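Please treat every number below as a calculation from the coordinates, not as lab data. Predicted, not measured: the structure shown is a model, and the values here were computed from it. Cβ atoms come from the backbone with ideal geometry, glycine included; neighbour counts cover every protein chain shown.
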């Protein structure tokens, strides 16, 4: 067991961390900013539309825009505060036994998936990942109990740098783990 590991409290006695990853901070913040732009556009349409439909204040459409900007900035600041708190507690790792995710804003939650239960691995690289040219992306792990297609309980290492190298590395460890656990039936 690794001393001072963010996972030490949940590791089995014969389990050890092979590698720990942190999300790419720039990608996290930029993704949230771009997502919040949709909120801003929605607010602007509503508030500017209200001002334009008010017969007495058609010259004051900018008031709706100012309200939209104010609400959006407050929302963005709160979102970035929660991201900062979340980033502090977010770690991804794989051990000699399982995939482990550590997350949380005020507390810490752990999710794990035994390596012999991993049935599929996908890599998602978005347009933003390509634009940033940081080699970032997301690795999603699926099993029979939590398939990748299911949007509920799934396991993902989000906003990881050097995504294709990390994918190959983790895939090879999972394949090795599965091969060592196969029992010879016809021996």
Take 67, 139 and order them by how many other Cβ atoms sit within 10 Å, fewest up front. 67, 139
Only counting other Cβ atoms within 10 Å, I'd like 132, 34 sorted with the fewest neighbours first. 34, 132
Roughly speaking, what is the stretch gain from residue 179 to residue 46, that is 0.36 nm per residue apart minus the C-alpha to C-alpha distance, in nm to one decimal? 42.1 nm
Approximate spin-label separation residue 84-residue 108, in nm, with each point projected 7 Å along Cα-to-Cβ: 2.1 nm
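Expressed as a fraction of 2.2 N^0.38 Å, the rule-of-thumb size for a compact globular protein of N residues, what is the C-alpha radius of gyration of region 77-119?
1.41
To make sure I understand, if each residue's beta carbon is the centre and we count other beta carbons within 10 Å, what order do 133, 98, 103 fall in, fewest to most? Walk me through the numbers before you get to the answer.
Values: 133 7, 98 22, 103 17.
Ascending number of Cβ neighbours within 10 Å: 133, 103, 98.
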If you count, for each residue, the other Cβ atoms within 10 Å and average over each peptide, how do 175-181, 89-95 line up from highest to lowest? 89-95, 175-181
